[in-house]
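What follows is a short report on a single structure.
The values are calculated or read from the model by the stated rules, or taken from the named source; none is laboratory data. This one's a predicted model, so the numbers in the text were calculated from it and none came from an experiment. So basically every Cβ, Gly included, is an ideal-geometry build from the backbone, and we count neighbours across all protein chains shown. Please note that ligands, DNA and RNA were not included when accessible areas were found on the heavy atoms of the full protein model with its side chains. Shrake-Rupley method; radii C 1.70, N 1.55, O 1.52, S 1.80 Å.
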Amino acid sequence: MKIQVPENIASIVPYPPGKPLEELEREYGVTGSIKMASNENPWGPSPRAIEAIRESLVNLHRYPDGSCYRLTHALADKLGFSADEIVLGNGSNEIIEMLVKAYVQTGDEVITSHPSFLMYQKIVQVRGGVNIVIPLSRMQHDLTTILAVITDKTRLIFLDNPNNPTGSPIKPVDLYGFLSKVPESVLVVLDEAYVDFMDPELQVDSFSLIRNTKGRCGVVALRTFSKAYGLAGLRVGYGVMPSQVAVNLHRVRQPFNVNQLAQVGALAALQDEAFYQQTLRRTREGLIFLQQEITKLGCKCYPSQTNFFLVDVQGDATALYESMLYQGVIVRSMKPYGYNEMVRITVGSEEENNRLLGALAHCLRELSYV
Ligand SMILES: *Cc1c(COP(=O)(O)O)cnc(C)c1O
């Protein structure tokens, strides 16, 4: 074989998913392990989603509805948009990919922050785009510097709000000021994967920003069923955007990008308001509880508007991560992101939170961090 791989592909570092539980148990010989590393919903999918999926299984010999008619219309009604302003994807990851495919050609620039969601830069690199990466400033998107690096080659700006991994949100006034200065030739993508968990007073009104683009740059909001709706394994996300943008995303997407089970499962989850509200309440309670208890252990916890938070463990984060694995608890080391002494912890169920606290106390002592 003599086939050459292009340099932009050869230099990609694959996305590091959280360690799967099965792999942990196999490698470390532990059982009953728990994963608090991937910001998933610990209370499972909504029972209504499971039921809808079960009923839909008999139709698996058919292609899914390529237009996602029912789910798109349900979202449109709920959010107050029309169906041609909503695009569904195989996770919001796929919407990120569609945006880059549609708008970024070789040599075009895309601005992102570091650290932030790793997929933006990866997809830009695949498409031969140029990543312009701006470090967070005090754990927040550095909007001033982002404005300063916009050129006539800039096509997209990705802002995860709240940011992953810091959990910090952009102040609405800062964002409004920022958007008023971004050229109209640039599209600003607000990745709102965790917006459900935010205090309502801190939320940006992204929907009115999308509607009123007169004399201003376009705005796209990305949402997902993977977090608050508990359907990470199903892969459904969506973007809300001006219809002129949606048209281009439909041009580049695969015809059946959201599978049939995902369409019916997401629709049922969307209608299960009680499950959703319960997730938000229990997440908030869990976050407060974990932060209180971890602070008592001598670590510093960072405030978060999401279902995860950063902890300064005051010692090598990867060593702590490894040590936690032997206790059967998976967290995320932030060392690969440049935060050498931080781990990111996802709020778990009440039982999981207690289990994590026991393991963390044990490991901190064992490593003499506190
Ligand atoms: C989890 C997450 C997503 C969601 O991705 P899906 O493909 O919808 O599962 C998107 N953006 C950020 C910042 C995330 O953390």
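Once phi is turned into ³J(HN,Hα) by the Karplus curve 6.51 cos²θ - 1.76 cosθ + 1.60 with θ = phi - 60°, what whole-Hz value does each residue of the stretch 217-225 show in order, with x for glycine and proline?
For the stretch 217-225, the Karplus-derived couplings read 5, x, 10, 10, 10, 9, 10, 9, 8 Hz, x marking Gly and Pro.
Grab the Cα-Cα distance for ALA274 and VAL133, subtract it from 0.36 nm times how many residues apart they are, and report the gain in nm with one decimal.
46.8 nm
Give, rounded to the nearest 20 debye, the magnitude of the charge dipole that the stretch 299-370 has about its Cα centre when Lys and Arg contribute +1 at Cβ and Asp and Glu contribute -1 at Cβ. Don't jump to the answer; show the numbers that get you there.
On the way: 6 positive and 8 negative charges, 27 e Å.
Rounded to the nearest 20 debye, it is 140 debye.
Take each of the peptides 25-31, 215-221, average the number of other beta-carbon atoms within 10 Å over its residues, and list them starting from the highest.
215-221, 25-31
Could you compute the FRET efficiency for ILE9 and ALA76, with r as their C-beta to C-beta distance and R0 at 30 Å, rounded to 0.05?
My answer for the efficiency is 0.20.
Explain nothing, just the number: relative contact order of the chain, from Cα pairs under 8 Å at least 6 residues apart, as a whole percent.
23
So if we plug the beta-carbon distance of GLN140 and ALA361 into 1/(1 + (r/R0)^6) with R0 = 25 Å, what FRET efficiency do we get, rounded to 0.05? If you can, show how the numbers build up before the last one.
Details: r = 31 Å, r/R0 = 1.23.
The computed FRET efficiency comes out at 0.20.
Say R0 is 56 Å: what FRET efficiency, to the nearest 0.05, do LYS2 and GLU184 get from their beta-carbon distance? Please list the in-between numbers first.
Working: r = 47 Å, r/R0 = 0.83.
Calculated transfer efficiency: 0.75.
If packing is taken as the average count of other Cβ atoms within 10 Å, what order do 1-12, 280-291, 334-345 fall into, highest mean first?
So the order, starting with the most tightly packed, is 334-345, 280-291, 1-12.
Provide the packing ranking of 185-191, 310-316, 143-149, i.e. peptides ordered by the mean count of other C-beta atoms within 10 Å per residue, highest first.
Descending mean neighbour count gives 185-191, 310-316, 143-149.
Once you charge only the Cβ atoms, +1 for Lys and Arg and -1 for Asp and Glu, what is the size of the charge dipole of the stretch 47-270 about its Cα centre, to the nearest 20 debye?
Dipole magnitude for the stretch 47-270 comes out near 380 debye.
Excluding ligands and nucleic acids, what accessible area in Å² is computed for LEU71 using a 1.4 Å probe, to the nearest 10?
Surface open to solvent at LEU71 totals about 0 Å².
With the full set of protein chains in place, find how many percent of the accessible area of the chain is carbon and sulfur; take the probe as 1.4 Å.
After summing per-atom areas, the C and S share lands at 52 percent.
With every protein chain present, what is the per residue accessible area of the stretch 47-270 (1.4 Å probe, Å²)?
Values: 9440 Å² over 224 residues.
Per-residue value: 42 Å².
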